[in-house]
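Written below as structure tokens is the structure these notes are about.
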Amino acid sequence: MATGVSRGVTSVTGPVSVTGPVSVTGLTRRFGDRAVLDGLDLDIPPGQFVALLGTSGCGKSTLLRILADLDRDIAGTVRVARRRAISFQSPRLMPWKRVWRNVALGLPGRPDRQRAVAALDEVGLAHRTDVWPKTLSGGEAQRASLARALVREPDLLLLDEPFSALDALTRLTAQALVAELWQRHGCAVLLVTHDVSEALTLADRVLVMSSGRIDYDVSVTLDRPRDPGSREFVALRTDLLARLGVR
């Protein structure tokens with residue numbers, strides 16, 4: 001039951017001081033006897049871009065689902081900005097709705113075409129407003145998913161491996177787009193990824209999950225745009241790979 005709710009946040013259990021769009025204390029999520037999340041603590045301040053790394057099954061996507069309010073079977077305290085949106089690995093577009101209607105899906109009131117078209121224009125898809133989702137390329141479908149998230153003007157944008165199904169060139173384009181949109185909107189971002197280079201290219205803070213908790217937390221202070229060949233980038237990448245068990 002929700003208690004201690006403050007303006008602009010949702011509290012799952014118990015009062016806690018809120019420092020930003022995400023404030024998590026002692027979060028535990030069990031599946032049977034297994035604790036996928038085990039007393040996890042996390043705070044994300046406004047406007048910060050955070051990348052979350054970890055081996056498969058460590059609980060990254062579970063954490064995102066909880067922050068998106070898609071999983072409430074938890075213990076601990078979770079407060080998240082009410083204005084939040086999520087984009088998944090799969091674009092999850094409704095095939096029976098035109099692209100603009102997919103973007104406007106879930107907004108309060110009547111479908112707002114003008115607002116949806118403005119969001120599509122931001123991601124370079126204004127020319128695909130009235131087409132069916134099945135006619136979109138993989139990159140276009142992912143951009144439509146981003147537009148659907150951005151149209152909600154979130155304080156927190158959750159990204160669950162949104163580039164993993166894209167080819168290499170489309171992936172680079174999508175990464176650049178996300179970086180541009182983040183700088184333009186100023187929302188906090190939590191990106192789940194398996195790609196260490198992607199994390200260092202986009203984020204200004206990288207977390208590593210292990211055993212259901214945040215095991216490592218490092219600030220990325222490299223100048224933008226990031227140079228993957230720089231000594232500092234390579235050193236950070238090597239360190240993060242080692243913490244993920246890759247040597």
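Values computed for the structure shown
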| read-out | value |
| --- | --- |
| Top-ranked residue in region 119-131 [being part of a loop (DSSP other than H, G, I, E, B) and surrounded by 21 or more Cβ atoms within 10 Å (Cβ to Cβ); ranked as farthest from the chain's Cα centre (by Cα)] | Leu125 |
| Check on Gly14, under 19 Å from the mean Cα position of the chain (by Cα), part of a loop (DSSP other than H, G, I, E, B) and at pLDDT below 90 | no |
| When residues of region 132-159 are limited to those that are touching a residue at least 60 places away in the same chain (Cβ under 8 Å) and surrounded by fewer than 21 Cβ atoms within 10 Å (Cβ to Cβ), the one nearest to Asp112 (Cα to Cα) | Arg152 |
| Residue within region 104-114 that is part of a helix (DSSP H, G or I) and either surrounded by fewer than 21 Cβ atoms within 10 Å (Cβ to Cβ) or at pLDDT below 90 (or both) present | yes |
| Residue in region 78-87 that is surrounded by fewer than 21 Cβ atoms within 10 Å (Cβ to Cβ), without any contact (Cβ under 8 Å) to a residue 12 or more places away in the chain and not in a helix (DSSP H, G or I) present | no |
| Residue check for Thr193: at pLDDT below 90, of a type in the set (Ser, Thr, Tyr) and buried (at least 17 other Cβ atoms within 10 Å of the Cβ) | no |
| Test set (1) touching a Lys or Arg at 6+ places or on another chain (Cβ under 8 Å); (2) small (Gly, Ala, Ser); (3) surrounded by fewer than 18 Cβ atoms within 10 Å (Cβ to Cβ) - Ala174 fails condition number | (3) |
| Number of positions in region 132-176 that are more than 14 Å from the chain's Cα centre (by Cα), in a helix (DSSP H, G or I) and aliphatic (A, V, I, L, M) | 6 |
| Subset of region 53-79 (residues that are of a type in the set (A, V, I, L, M, F, W, C) and within 21 Å of Ser145 (Cα to Cα)) | Leu63, Leu64, Ile66, Leu67, Ala68, Leu70 |
| Residue in region 40-53 that is of a type in the set (Gly, Ala, Ser) and touching a strand residue (DSSP E or B) at 6+ places or on another chain (Cβ under 9 Å) present | yes |
| Matching residues, region 48-63, being closer than 11 Å to Asp195 by Cα and either crowded, with 23+ Cβ neighbours inside 10 Å or in contact with a Ser or Thr (Cβ under 6 Å, 6 or more places away or on another chain) (or both) | Ala51, Leu52, Leu53, Gly54 |
| Qualifying residue in region 3-10 (condition: at pLDDT 95 or above and of a type in the set (Val, Ile, Thr)) | no |
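Yes/no per residue for (1) at positive phi; (2) of a type outside the set (S, T, N, Q):
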{"site": "Gly109", "(1), (2)": "yes, yes"}
{"site": "Gln114", "(1), (2)": "no, no"}
{"site": "Val117", "(1), (2)": "no, yes"}
{"site": "Leu120", "(1), (2)": "no, yes"}
{"site": "Gly124", "(1), (2)": "yes, yes"}
{"site": "Asp130", "(1), (2)": "no, yes"}
{"site": "Ser137", "(1), (2)": "no, no"}
{"site": "Arg143", "(1), (2)": "no, yes"}
{"site": "Ala147", "(1), (2)": "no, yes"}
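The values are calculated or read from the model by the stated rules, or taken from the named source; none is laboratory data. Quick caveat, the model's predicted, so the values are computed rather than measured. So basically every Cβ, Gly included, is an ideal-geometry build from the backbone, and we count neighbours across all protein chains shown.
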